[in-house]
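Visitor: For reference, the structure I am asking about is given below.
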């Protein structure tokens, strides 16, 4: 389609340990413990307003059941404050940001995004911007990289039935690394196609060998 603009968002889970505790990323055996929660929206940082998506989830009036696994702890259950950010995960995100020619932020702070669909026991997701305004060279020109982020993954949905959703905590807190390409490449045969070529392949292969888990 002529004039179409495309931006890509690429996620990789890091095999470094969970982001805010020292639990391993591998593991899914149930411990026999389950608990239930209901989540409600509160005023957000957006001028004291409530997020419309959060209001929609509240109106669905669902109950969330969580399965505790052998690679989760009180942090995932939201019964203990988060620990220091996993250092290896942070260093990996910084290294990838530099490989993508991003400006690495001098101070990396975590933001809280309201999420009350049950996929996080806290009612929000923690995300940090690590790098900004980068690029990658392709055979058809330079493609801009808007941001490189480090965040915590959501709980894994197991089933949903009759107003109750069941999640497993095995995936909650795994650090996904997120790259966002700039939307702005137009037309057929655009530069986005070049993102799959040798240069990006080499960067992602390097990344996977040093901390990546799977896309």
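The values are calculated or read from the model by the stated rules, or taken from the named source; none is laboratory data. All values reported here derive from a predicted model rather than from experimental measurement. Here the Cβ is made from the backbone with ideal geometry for all residues, glycine too, and neighbour counts use every protein chain on show.
Visitor: Would you pick out the residues in the range 88-111 that are more than 18 Å from residue 145 (Cα to Cα) and surrounded by 17 or more Cβ atoms within 10 Å (Cβ to Cβ)?
Guide: 89, 90
Visitor: Restricting attention to the range 35-52, which residues are surrounded by 12 or more Cβ atoms within 10 Å (Cβ to Cβ) and modelled with pLDDT of 85 or more?
Guide: 35, 37, 39
Visitor: Do we have residue 89 as closer than 15 Å to residue 178 by Cβ and part of a helix (DSSP H, G or I) here?
Guide: yes
Visitor: Check whether at least one residue in the range 134-143 is crowded, with 22+ Cβ neighbours inside 10 Å, more than 21 Å from the chain's Cα centre (by Cα) and either more than 23 Å from residue 25 (Cα to Cα) or at pLDDT 90 or above (or both), and report yes or no.
Guide: Scanning the range 134-143 turns up at least one residue that is crowded, with 22+ Cβ neighbours inside 10 Å, more than 21 Å from the chain's Cα centre (by Cα) and either more than 23 Å from residue 25 (Cα to Cα) or at pLDDT 90 or above (or both).
Visitor: Would a scan of the range 53-64 turn up a residue that is buried (at least 19 other Cβ atoms within 10 Å of the Cβ), farther than 30 Å from residue 138 by Cα and modelled with pLDDT of 90 or more?
Guide: Within the range 53-64 (the criterion being buried (at least 19 other Cβ atoms within 10 Å of the Cβ), farther than 30 Å from residue 138 by Cα and modelled with pLDDT of 90 or more), the answer is yes, since at least one residue qualifies.
Visitor: Taking the criterion of being touching a helix residue (DSSP H, G or I) at 6+ places or on another chain (Cβ under 8 Å) and part of a strand (DSSP E or B), would at least one residue in the range 107-115 satisfy it?
Guide: yes
Visitor: Which ranges mark the strands (runs of 3 or more DSSP E) fully within the range 1-70 that have 2 or more residues being under 21 Å from the mean Cα position of the chain (by Cα) and either touching a residue at least 40 places away in the same chain (Cβ under 8 Å) or on the phi < 0 side of the Ramachandran plot (or both)?
Guide: Strands (runs of 3 or more DSSP E) meeting the threshold: 9-14, 63-69.
Visitor: With respect to residue 75, determine if the residue is surrounded by 14 or more Cβ atoms within 10 Å (Cβ to Cβ) and over 30 Å from residue 137 (Cβ atoms).
Guide: yes
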